[in-house]
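Shown next, in structure tokens, is the structure this report addresses.
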Amino acid sequence: MFSLAQNGSVLTERDLGAKIRSELLSIISAEHKVTVDLSNVQMVTSSFADELFAKLIEEIGPEAKSKVAIVNVSTTVRTIINEAIFTRSKLPQ
């Protein structure tokens with residue numbers, strides 16, 4: 001399990017999202033899946049969510065749902081993540 005709270009309770013920086021995405025891709029490469037724990041994460045910005053989650057899903061492709069699980073996430077943070085994923089999916093390729 002990969003805990004995002006080790007990076008703080010409020011996650012705002014796009015650079016941090018990119019760093020964590022790289023770490024998660026390494027875990028997925030070795031273990032074929034990862035569980036991301038958002039316990040104690042109170043808020044994320046849309047730019048952080050885009051850089052981490054939306055780009056992660058874009059890079060992994062259709063297998064993302066079987067390779068990435070997000071647990072212990074508040075309704076507010078889940079909404080921000082979902083919106084980032086939706087917005088990125090609508091961008092021209």
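The values are calculated or read from the model by the stated rules, or taken from the named source; none is laboratory data. These figures come from a predicted structure and were not determined experimentally. When we count neighbours, we look across all protein chains shown, and the Cβ atoms used for this are built from the backbone with ideal geometry, even at glycine.
Data for the structure
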read-out	value
Residue in segment 76-84 that is of a type outside the set (Phe, Trp, Tyr), surrounded by fewer than 16 Cβ atoms within 10 Å (Cβ to Cβ) and touching a residue at least 24 places away in the same chain (Cβ under 8 Å) present	yes
Residue in segment 24-45 that is surrounded by 15 or more Cβ atoms within 10 Å (Cβ to Cβ) and hydroxyl-bearing (Ser, Thr, Tyr) present	yes
Segment 62-93 - residue that is over 12 Å from the mean Cα position of the chain (by Cα), in a loop (DSSP other than H, G, I, E, B) and modelled with pLDDT of 95 or more and, of those, farthest from Leu24 (Cα to Cα)	Ser74
Checking Glu13 against (1) over 18 Å from Met1 (Cβ atoms); (2) surrounded by fewer than 14 Cβ atoms within 10 Å (Cβ to Cβ), the condition it does not meet	(2)
Unmet requirement for Glu59, which otherwise passes all of (1) surrounded by fewer than 16 Cβ atoms within 10 Å (Cβ to Cβ); (2) in contact with a helix residue (DSSP H, G or I) (Cβ under 8 Å, 6 or more places away or on another chain); (3) more than 21 Å from Leu91 (Cβ to Cβ)	(3)
Test: residue in segment 44-61 that is at pLDDT 95 or above, of a type outside the set (Lys, Arg) and not in a helix (DSSP H, G or I)	yes
Criterion (in contact with an Asp or Glu (Cβ under 7 Å, 6 or more places away or on another chain) and hydrophobic (A, V, I, L, M, F, W, C)) met by exactly one of Phe53, Phe48	Phe48
Search result, residues across segment 1-26 that are under 23 Å from Ser89 (Cβ atoms) and aliphatic (A, V, I, L, M)	Leu4, Leu11, Leu16, Ala18, Ile20, Leu24, Leu25
Among residues of segment 24-43, those that are among the acidic types (Asp, Glu) and in a helix (DSSP H, G or I), counted	1
